[in-house]
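The values are calculated or read from the model by the stated rules, or taken from the named source; none is laboratory data. None of the values given here were measured: they were computed from a predicted structure. Counting neighbours? That spans all protein chains shown, and the Cβs are built from the backbone with ideal geometry, glycine included.
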There are 2 protein chains.
Amino acid sequence: MKGKILDSLTIEGDSKIILLVIDGLGGLEMDGRGTELEAAHIPNLDDLARESSCGLIEPVGKGITPGSGPSHLALFGYDPVENNIGRGVLSALGVGFKLTERDVAARANFATVDREGIILDRRAGRIPTDENIRLCKKILNRLRLPEGIEVFLEPEKEHRAVLVLRGDYLFGDISDTDPQRTGVKPLDPLPLNRESEKTAQIVRSVVDQIKEILKDEDPANMMLFRGFAKYRPLPSFMERFKLKALAIANYPMYQGVARLVGMDVHPPQRDMAAQFQVLKERFSDYDFIYLHIKETDSSGEDGDFDRKVRVLEDVDRFIPEVVSLGPDVLVVTGDHSTPARLKSHSWHPVPFLIRSPYARKDRVRGFTELECAGGILGTFPAVDVMALILANAKRLTKFGA
Amino acid sequence: MKGKILDSLTIEGDSKIILLVIDGLGGLEMDGRGTELEAAHIPNLDDLARESSCGLIEPVGKGITPGSGPSHLALFGYDPVENNIGRGVLSALGVGFKLTERDVAARANFATVDREGIILDRRAGRIPTDENIRLCKKILNRLRLPEGIEVFLEPEKEHRAVLVLRGDYLFGDISDTDPQRTGVKPLDPLPLNRESEKTAQIVRSVVDQIKEILKDEDPANMMLFRGFAKYRPLPSFMERFKLKALAIANYPMYQGVARLVGMDVHPPQRDMAAQFQVLKERFSDYDFIYLHIKETDSSGEDGDFDRKVRVLEDVDRFIPEVVSLGPDVLVVTGDHSTPARLKSHSWHPVPFLIRSPYARKDRVRGFTELECAGGILGTFPAVDVMALILANAKRLTKFGA
């Protein structure tokens, strides 16, 4: 409802917006050193915070730890609960696969099983990508499917691939075959509702055939599936917000979410410096540029406090360049928290700053969790970020008389 | 849903409530002087803030700039999105016109057009009110309408009037004929949905006839219409909250919203002092008195920082009188922000204070945007204000066992 109101108020403009998403930004105190943001020497982000309205954002809701899909959708102004996109769909979009409304997608992993079918390695020793490509071709050549059903198997890096089934009346509410651990057999793909029964049968047949096709391969003699989901297109960023948008993200997942909302997606870059270089080069061509930094999240997931601190300091060095581009609205935030101490995503609200001539300054003196908690924006839902951005970009008209 | 729960909990009482609405209260830093509230010398409001629970309210939602209609409805406890009232209805109620459920209303302006029908002046040189009255009569005498349709044309001040069409199956989703600028012709009244087609036809006939009737007049030789809306009565303040309520507001628009929710409306006063005098005189007769100060908003709209500061200081001088009446609950807030720097309504949350024996005091030391942001109430939706008022007035019973 609120999304609909927002959409009805958007107007065209020539203001420029930059959304810098530092993945897994928020942290927790660890070993008496404060949080990662507190431990990091980030003078430029601190300065920026002093010139901005600050707050904390909640990706999905109090206490809810989000995946990257929902947390990014929220940042992009799409209710993450109403638009719960399956991992499979995000992966397919991430590899640039053109999904249709007749498609069900799933993540696929090559794996190693023993003679009894017990999983020994969920990643088949991270086989080389070439081997992955060869095996996908082999499978596609031999798979037999019911009349009217098409299948696609798109190799990604190493052991990863994406499965897409295309046909009429396919549905994606099907349980994972990947048990997410070793020492057990793959699970059966079960329909989670009536309408997905037919699709689950097809998946079961696909799984059985793949097992047969791969049986003499080594080490990739099995395939595991998870995140089955039917593709349902979303209204695009351009339709909703009248923004021509570019995503500068290095990882397929984030490129996938960006494609899902209709952003242009720049090819992946080798490192952060190259990403910021792209930002500079493409800044004048777009109304809205989303730049995604991954390494804060991966170092957090690895429990590597020091590395996360270093990545934050690396990001900090690029902030003056970003500011010097002169965006009308600059937002720096994260999609969720990934405290090194937890080695995983967490539910903790995420530091947020918005800099524009119309953002009220507050008393925040640095870019940390605690400082932002005292910011003038308070703690608010991430799904409201786009409304705040559009308002500050003067791209919203008045509601009601 | 939340509104329904609230209504089910209201109980009678003899507590007294004052809601002081300082229109366009919130501001923005300007010329290094801080915000209007920061620049103003308002010792009484500052004292009040120290004795109160403070916070910031959001009229409609993060980033949304509201019109006065929705922002007042929210303050009065009516969801501003579910109850999006058209400008025409508010204007009709504002002039005291008794609308029925068969009515569609619109704002009307006398205007000047040239021989080709191009608009030269959207206000017909702000014709005297007497001339307005004469022209409205002339039009009504000559207008011919389809069987079963009645028409009313209520003069307001200068060039302004209200059009009301009454009949069965009339609907108000019709586009404006007022293009809101000069140098172009008036627009055609177009139906915005199927059910409004018949009404749009009638409006078109009315517009054509008025053009003919006024053709020899000077300067008011045309009429422009905007804000068509069907009247849908709301459950009254009395029904919902068991409060006998009075509005002390000088402008038709605010009187209109007050009438819409069934408040008594005091006749307009010549100035702020007279309004506070009425408050004193009628205080014992009502459970709830809403007093509306307009000049903060108009000075903000004019971009006149200094005048807005002066009006705030004027209001401040009446605060001790208000306090001395001894209301059980006193709320001071605004309907929305109107920063002088923006010369318009804005989306920024609005300072809010509630003083009652049961409102927790916080660390707020003055009545400013930034101080209120650090208040114990945080930032919250304006539609929740009435629940907070009723609770502090001991006019709500417990929810559930």
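I'm trying to understand the selection: among the residues of region B:58-84, which are among the aliphatic types (A, V, I, L, M) and touching a Phe, Trp or Tyr at 6+ places or on another chain (Cβ under 9 Å)?
B:Val60, B:Ile64, B:Leu75, B:Val81 - these are the residues of region B:58-84 that are among the aliphatic types (A, V, I, L, M) and touching a Phe, Trp or Tyr at 6+ places or on another chain (Cβ under 9 Å).
If you go through region A:191-209 one residue at a time, how many are within 16 Å of A:Ala108 (Cα to Cα) and either outside any helix (DSSP H, G or I) or more than 29 Å from the chain's Cα centre (by Cα) (or both)?
Here the count works out to 3.
Filter region B:175-188 down to the residues that are touching a helix residue (DSSP H, G or I) at 6+ places or on another chain (Cβ under 9 Å) and closer than 21 Å to B:Gly94 by Cβ and list them by number.
B:Thr177, the sole residue that qualifies.
From the list B:Arg317, B:Arg363, which residue is more than 18 Å from the chain's Cα centre (by Cα), free of Cβ contacts under 8 Å to residues at least 40 places away in the same chain, surrounded by fewer than 24 Cβ atoms within 10 Å (Cβ to Cβ) and in the same structural domain as B:Ala249 (by TED's automatic domain parsing)?
B:Arg363
Could you figure out which of (1) in contact (Cβ under 8 Å) with a residue 60 or more places away in the chain; (2) surrounded by fewer than 21 Cβ atoms within 10 Å (Cβ to Cβ) isn't true of B:Tyr358?
(1)
Can we say B:Glu313 is within 13 Å of chain A (Cβ to nearest Cβ) and assigned to a helix (DSSP H, G or I)?
Spelling it out, it is not the case that B:Glu313 is within 13 Å of chain A (Cβ to nearest Cβ) and assigned to a helix (DSSP H, G or I).
May I ask you to verify whether A:Gly13 is assigned by TED's automatic domain parsing to the domain that holds A:His348, modelled with pLDDT of 95 or more and out of contact with any strand residue (DSSP E or B) (no Cβ under 8 Å at 6 or more places or on another chain)?
Here the answer is yes, as A:Gly13 does meet what is asked.
Name the pairs whose Cβ atoms lie under 7 Å apart, with the first residue in region B:376-401 and in a loop (DSSP other than H, G, I, E, B) and surrounded by fewer than 16 Cβ atoms within 10 Å (Cβ to Cβ), the second modelled with pLDDT under 95 and β-branched (Val, Ile, Thr), and 6 or more positions between them or separate chains?
Close Cβ pairs satisfying both conditions: B:Phe399/B:Ile5.
Here are A:Val350, A:Val329: which of them is more than 8 Å from chain B (Cβ to nearest Cβ), modelled with pLDDT of 95 or more, crowded, with 24+ Cβ neighbours inside 10 Å and under 17 Å from the mean Cα position of the chain (by Cα)?
A:Val350
Could you look through region B:59-70, keep only residues that are part of a loop (DSSP other than H, G, I, E, B) and at the interface with another protein chain (Cβ under 8 Å from one of its Cβ atoms), and pick out the one that is surrounded by the most Cβ atoms within 10 Å (Cβ to Cβ)?
Checked region B:59-70; the qualifying residue surrounded by the most Cβ atoms within 10 Å (Cβ to Cβ) is B:Val60.
Taking the condition of being buried (at least 18 other Cβ atoms within 10 Å of the Cβ) and out of contact with any Phe, Trp or Tyr (no Cβ under 7 Å at 6 or more places or on another chain), how many residues in region A:337-347 meet it?
6
Please work out which residue is farthest from the other protein chains (Cβ to nearest Cβ), limiting yourself to region B:175-202 and to residues that are in contact (Cβ under 8 Å) with a residue 60 or more places away in the chain and either of a type in the set (A, V, I, L, M) or surrounded by fewer than 22 Cβ atoms within 10 Å (Cβ to Cβ) (or both).
Taking the candidates together, the pick is B:Lys185.
When residues of region B:101-135 are filtered for being within 25 Å of the chain's Cα centre (by Cα) and not in a loop (DSSP other than H, G, I, E, B), how many remain?
12
In this structure, does B:Ala247 turn out to be more than 21 Å from B:Lys16 (Cβ to Cβ) and surrounded by 20 or more Cβ atoms within 10 Å (Cβ to Cβ)?
no
Quick one: count up the residues across region B:143-174 that are in contact (Cβ under 8 Å) with a residue 60 or more places away in the chain, out of contact with any helix residue (DSSP H, G or I) (no Cβ under 9 Å at 6 or more places or on another chain) and outside any loop (DSSP other than H, G, I, E, B).
1
It is to be established whether one or more residues within region B:9-20 are touching a Leu at 6+ places or on another chain (Cβ under 9 Å), surrounded by fewer than 24 Cβ atoms within 10 Å (Cβ to Cβ) and acidic (Asp, Glu).
No, region B:9-20 contains no residue that is touching a Leu at 6+ places or on another chain (Cβ under 9 Å), surrounded by fewer than 24 Cβ atoms within 10 Å (Cβ to Cβ) and acidic (Asp, Glu).
Let me confirm something: among B:Leu73, B:Leu56, B:Leu28, which residue is in a strand (DSSP E or B), among the hydrophobic types (A, V, I, L, M, F, W, C) and either within 14 Å of chain A (Cβ to nearest Cβ) or free of Cβ contacts under 8 Å to residues at least 24 places away in the same chain (or both)?
B:Leu56
For region B:138-172, what are the residues that are in contact with a strand residue (DSSP E or B) (Cβ under 9 Å, 6 or more places away or on another chain), more than 16 Å from B:Gly96 (Cα to Cα) and of a type in the set (Phe, Trp, Tyr)?
Answer for region B:138-172, where residues must be in contact with a strand residue (DSSP E or B) (Cβ under 9 Å, 6 or more places away or on another chain), more than 16 Å from B:Gly96 (Cα to Cα) and of a type in the set (Phe, Trp, Tyr): just B:Phe171.
Can B:Gly86 be described as farther than 30 Å from B:Pro155 by Cα, touching a strand residue (DSSP E or B) at 6+ places or on another chain (Cβ under 7 Å) and within 14 Å of chain A (Cβ to nearest Cβ)?
When the stated conditions are applied, B:Gly86 does not pass them.
Here are some conditions: (1) outside the structural domain of B:Gly172 (by TED's automatic domain parsing); (2) assigned to a strand (DSSP E or B). B:Thr296 meets all but one. Which one does it not meet?
Just one mismatch for B:Thr296, condition (2).
Filter region A:215-239 for residues that are among the basic types (Lys, Arg) and at pLDDT below 95 and give the result.
Correct list: A:Arg232 only.
Exactly one condition in (1) buried (at least 24 other Cβ atoms within 10 Å of the Cβ); (2) of a type outside the set (Ser, Thr, Tyr); (3) over 26 Å from B:Phe283 (Cβ atoms) is not met by B:His41; state its number.
(1)
Can you find a residue in region B:89-100 that is surrounded by fewer than 20 Cβ atoms within 10 Å (Cβ to Cβ), outside any strand (DSSP E or B) and within 12 Å of chain A (Cβ to nearest Cβ)?
Checking region B:89-100: not a single residue is surrounded by fewer than 20 Cβ atoms within 10 Å (Cβ to Cβ), outside any strand (DSSP E or B) and within 12 Å of chain A (Cβ to nearest Cβ).
Before we move on, is A:Leu48 part of a strand (DSSP E or B) and at pLDDT 95 or above?
no
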